[in-house]
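One structure is given below, encoded as structure tokens.
Just so it is clear, none of the values below were taken in a lab; they were calculated from the coordinates. Just so you know, these numbers come straight off a predicted model, no measurement behind them. Cβ: placed from backbone, ideal geometry, glycine included. Neighbour counts: every protein chain shown.
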Amino acid sequence: MAGLDLTGKTAIVTGASRGIGLATAQAIAAAGGNVVLTSRSQESADAAAAQVNGNAIGKATLVGKFERKK
């Protein structure tokens, strides 16, 4: 992402606790962007955000069909 300036932009990266999602979040932050890293658990999201140099926060988020357990 050389030469890309994302200053003032915010990205939400799903599945950001590891792998491609984490690398994407790190690249966005390196380009000056703000990043919201999502994961299924708050602990994982916070740990991933701590690995990003820049303005990043973690947020537990479930994407999919919600079914209330009885």
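Here are some notes:
- Some residue of the range 43-62 being surrounded by fewer than 16 Cβ atoms within 10 Å (Cβ to Cβ), in contact with a Ser or Thr (Cβ under 6 Å, 6 or more places away or on another chain) and in contact (Cβ under 8 Å) with a residue 40 or more places away in the chain: no
- Meets criteria (surrounded by fewer than 16 Cβ atoms within 10 Å (Cβ to Cβ) and without any contact (Cβ under 8 Å) to a residue 12 or more places away in the chain) for Gly32: no
- Index of the failed condition, Ala25 passing every other in (1) without any contact (Cβ under 8 Å) to a residue 12 or more places away in the chain; (2) surrounded by 14 or more Cβ atoms within 10 Å (Cβ to Cβ): (1)
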